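Engineer: Sharing a structure with you now.
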Amino acid sequence: MSVALVNPSIPTSSRPEPLRVMVVDDSVVIRGLISRWIGAESDMVVAASLRTGLDAVNQLERVNPDVAVLDIEMPELDGLSALPQLLGKKRDLVIIMASTLTRRNAEISFKALSLGAADYIPKPESTREPGAAEIFHHDLIQKIRHLGARLRRNKPAMPSPPLAPATPALDRKREMPVRATPAPPPLTRRSFGMLVPRVLLIGSSTGGPQALMTLVADLGRVIDRVPVLITQHMPPTFTTILAEHLARASGRPAHEAVDGEAVRPGTIYLAPGGRHMRVVRHGVDAAIALDDGPPINFCKPAVDPMFVSAIDVWQGGILSLILTGMGSDGMRGGKEIVAAGGSVIAQDEATSVVWGMPGAAANAGICAAVLPLNQIAPKLVRLFSGDRS
């Protein structure tokens with residue numbers, strides 16, 4: 001058994017303690033690589049480096065991690081079997097599943113999400129692939145940081161001692177009263193577009209698969225009326241599985257989009273992993289256009305190309321939805337949709353796994369509504385039936 005532990009330290013200042021990360025992988029190369037990356041960050045620390053899921057379960061109380069990066073295929077106890085045991089011992093543990101890009105592992109990753117994993121990350125087939133290690137590095141650190149930050153926001157704060165109603169605090173250098181930090185201004189809301197929308201565009205990232213399953217289960221009437229195009233930040237193979245899950249959840253046809261195919265009502269089109277999905281005019285109809293260009297907003301597929309391209313086809317008849325996810329992808333395309341007369345809805349912070357993408361849109365003032373996940377489908381049904389409020 002290979003074990004490395006870092007004991008929890010006692011806070012000595014008001015600065016937040018680094019996130020404690022437990023790395024669980026039977027590959028000494030991967031463990032070492034991930035541990036070095038984490039060790040180079042100032043806001044996180046390797047709490048333990050372990051070889052098997054059984055080691056992780058047995059060491060959990062001692063290690064007390066905030067986040068666990070959990071491999072799927074390991075001896076003694078694999079990641080999927082270790083997952084419920086870890087969450088049974090520490091309910092708020094953030095678990096990120098790591099796996100290679102095989103269909104079997106993609107299926108297992110989706111299963112892990114349903115069992116309580118916070119997210120997944122694909123491991124490159126080889127860390128020597130050009131650019132593969134860099135993408136893995138960037139995505140993993142961002143997921144640890146953002147998912148760990150959400151964990152800390154959701155933890156109840158320690159009660160502060162009561163403050164005496166004394167005179168205003170003074171700045172010792174200037175002997176002037178210290179002003180309280182002003183509250184952030186309320187989010188600007190726009191009116192919905194005047195046209196009944198003719199297409200639904202959805203962008204999502206971290207936490208997106210779970211949100212999409214919930215959403216499409218109640219969107220049957222909308223899907224029957226208009227085409228639904230989805231860009232989820234996800235690699236190849238994973239998007240194949242996601243499309244199958246969306247078809248089952250919605251009871252409607254759903255598949256990875258094919259270059260050149262016509263876009264019709266009654267179908268869900270999912271951007272395939274590793275390719276941007278755009279829409280182009282094809283006579284009087286719309287058609288899918290896939291391209292293998294460079295990543296946009298560090299993503300491929302990216303949401304912005306889909307949003308912007310749709311304007312040439314549907315002008316102001318677009319309703320776009322930005323769900324949970326890291327970064328700001330979709331915000332720039334959403335601005336152009338609004339300028340063309342369309343509308344943007346964002347998922348709210350409370351129900352988002354990460355309020356990066358929807359938060360960027362909301363804070364940019366382009367949203368007609370910012371809603372919890374369970375209110376989005378009913379709102380969409382009303383909007384596509386002609387309600388403009």
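Engineer: What are the residues in the stretch 275-320 that are closer than 18 Å to residue 209 by Cβ, in a strand (DSSP E or B) and over 14 Å from the mean Cα position of the chain (by Cα), if any? Quick ask: steps written out before the conclusion?
Structural biologist: The initial filter retains those residues of the stretch 275-320 that are closer than 18 Å to residue 209 by Cβ, namely 277, 299-303, 306.
Add one more test, that the residue is in a strand (DSSP E or B), and what stays is 277, 299.
277, the sole residue that qualifies.
Engineer: Turning to a different aspect of this structure: So is residue 264 of a type in the set (Lys, Arg) and in contact with a helix residue (DSSP H, G or I) (Cβ under 7 Å, 6 or more places away or on another chain) or not?
Structural biologist: Working: of a type in the set (Lys, Arg): yes; in contact with a helix residue (DSSP H, G or I) (Cβ under 7 Å, 6 or more places away or on another chain): no.
So residue 264 does not fit the description; no.
Engineer: Would you please name the residue that is nearest to residue 337 (Cα to Cα), looking only at residues in the stretch 175-193 that are outside any strand (DSSP E or B), hydrophobic (A, V, I, L, M, F, W, C) and at pLDDT below 60? Steps first, please.
Structural biologist: Quick first cut of the stretch 175-193, residues outside any strand (DSSP E or B) only: 175, 178-193.
Then drop every residue that is not hydrophobic (A, V, I, L, M, F, W, C), which leaves 178, 180, 183, 187, 192.
So of that shortlist, the ones also at pLDDT below 60 come out as 178, 180, 183.
Details: 178: 43, 180: 38, 183: 30 Å.
Across the stretch 175-193, the extreme among qualifying residues is 183.
Engineer: Let me ask something else. Out of 29, 6, which single residue is in the same structural domain as residue 143 (by TED's automatic domain parsing), over 17 Å from residue 143 (Cβ atoms) and modelled with pLDDT under 95?
Structural biologist: Working: 6 fails: in the same structural domain as residue 143 (by TED's automatic domain parsing).
Residue meeting the stated conditions: 29.
Engineer: Separate question: Please verify whether the stretch 375-389 includes one or more residues that are in contact (Cβ under 8 Å) with a residue 12 or more places away in the chain, touching a Gly at 6+ places or on another chain (Cβ under 6 Å) and surrounded by fewer than 24 Cβ atoms within 10 Å (Cβ to Cβ).
Structural biologist: No, the conditions are met nowhere in the stretch 375-389.
A quick yes/no check of all residues on (1) surrounded by 21 or more Cβ atoms within 10 Å (Cβ to Cβ); (2) of a type in the set (D, E, K, R); (3) in contact (Cβ under 8 Å) with a residue 40 or more places away in the chain:
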position	(1), (2), (3)
294	no, no, no
307	yes, no, yes
349	no, yes, no
354	yes, no, yes
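Engineer: Can you find even one residue in the stretch 358-366 that is modelled with pLDDT of 95 or more, aliphatic (A, V, I, L, M), in contact with a Ser or Thr (Cβ under 7 Å, 6 or more places away or on another chain) and under 21 Å from residue 145 (Cα atoms)? So that I can check it myself, show each step before the final result.
Structural biologist: First, pick out the residues of the stretch 358-366 that are modelled with pLDDT of 95 or more: 358-366.
Narrowing further to those that are aliphatic (A, V, I, L, M): 360-362, 364, 366.
If we keep only those that are in contact with a Ser or Thr (Cβ under 7 Å, 6 or more places away or on another chain) as well, we get 360.
Pick out the ones that are also under 21 Å from residue 145 (Cα atoms) and you get 360.
Within the stretch 358-366, one or more residues are modelled with pLDDT of 95 or more, aliphatic (A, V, I, L, M), in contact with a Ser or Thr (Cβ under 7 Å, 6 or more places away or on another chain) and under 21 Å from residue 145 (Cα atoms).
Engineer: Tell me yes or no: at least one residue of the stretch 268-278 is in contact with an Asp or Glu (Cβ under 6 Å, 6 or more places away or on another chain), at pLDDT 95 or above, of a type in the set (A, V, I, L, M, F, W, C) and buried (at least 24 other Cβ atoms within 10 Å of the Cβ).
Structural biologist: Looking for residues that are in contact with an Asp or Glu (Cβ under 6 Å, 6 or more places away or on another chain), at pLDDT 95 or above, of a type in the set (A, V, I, L, M, F, W, C) and buried (at least 24 other Cβ atoms within 10 Å of the Cβ), one finds at least one in the stretch 268-278, hence yes.
Engineer: Quick check on my filter: what residues within the stretch 66-86 are in contact with a helix residue (DSSP H, G or I) (Cβ under 9 Å, 6 or more places away or on another chain) and not aliphatic (A, V, I, L, M)? So that I can check it myself, show each step before the final result.
Structural biologist: Step one: filter the stretch 66-86 for residues in contact with a helix residue (DSSP H, G or I) (Cβ under 9 Å, 6 or more places away or on another chain), giving 66-83, 85-86.
If the condition is that a residue be in contact with a helix residue (DSSP H, G or I) (Cβ under 9 Å, 6 or more places away or on another chain) and not aliphatic (A, V, I, L, M), then 66, 71, 73, 75, 76, 78, 79, 81, 85 are the ones that fit.
Engineer: In this structure, does residue 91 turn out to be under 20 Å from residue 33 (Cα atoms) and not assigned by TED's automatic domain parsing to the domain that holds residue 273? Spell out how you get there, then give the answer.
Structural biologist: Working: under 20 Å from residue 33 (Cα atoms): no; not assigned by TED's automatic domain parsing to the domain that holds residue 273: yes.
Considered against the rule, which asks whether it is under 20 Å from residue 33 (Cα atoms) and not assigned by TED's automatic domain parsing to the domain that holds residue 273, residue 91 comes out as no.
Here's the yes/no breakdown for (1) touching a residue at least 40 places away in the same chain (Cβ under 8 Å); (2) closer than 17 Å to residue 313 by Cβ:
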site: 226; (1), (2): yes, yes
site: 230; (1), (2): yes, yes
site: 244; (1), (2): no, no
site: 247; (1), (2): no, no
site: 270; (1), (2): yes, no
site: 284; (1), (2): no, yes
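Engineer: Out of 360, 364, 339, report the one residue that is without any contact (Cβ under 8 Å) to a residue 60 or more places away in the chain and either surrounded by fewer than 18 Cβ atoms within 10 Å (Cβ to Cβ) or among the hydroxyl-bearing types (Ser, Thr, Tyr) (or both).
Structural biologist: Values: 360 fails: either surrounded by fewer than 18 Cβ atoms within 10 Å (Cβ to Cβ) or among the hydroxyl-bearing types (Ser, Thr, Tyr) (or both); 364 fails: either surrounded by fewer than 18 Cβ atoms within 10 Å (Cβ to Cβ) or among the hydroxyl-bearing types (Ser, Thr, Tyr) (or both).
When all the criteria are applied, what remains is 339.
One line per residue, one yes/no per condition, for (1) in contact (Cβ under 8 Å) with a residue 40 or more places away in the chain; (2) surrounded by fewer than 15 Cβ atoms within 10 Å (Cβ to Cβ):
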| residue | (1), (2) |
| --- | --- |
| 240 | yes, no |
| 251 | no, yes |
| 288 | no, no |
| 314 | yes, no |
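Engineer: Which one of 91, 104, 36 is surrounded by fewer than 16 Cβ atoms within 10 Å (Cβ to Cβ), without any contact (Cβ under 8 Å) to a residue 60 or more places away in the chain and within 23 Å of residue 238 (Cα to Cα)? Don't jump to the end; show me each part of the working.
Structural biologist: Working: 91 fails: within 23 Å of residue 238 (Cα to Cα); 36 fails: within 23 Å of residue 238 (Cα to Cα).
The unique qualifying residue is 104.
The values are calculated or read from the model by the stated rules, or taken from the named source; none is laboratory data. Owing to the predicted nature of the structure, the values given are computational and were not obtained by experimental measurement. Positions of Cβ are backbone-derived with ideal geometry, glycine not excepted, and every protein chain shown enters the neighbour counts.
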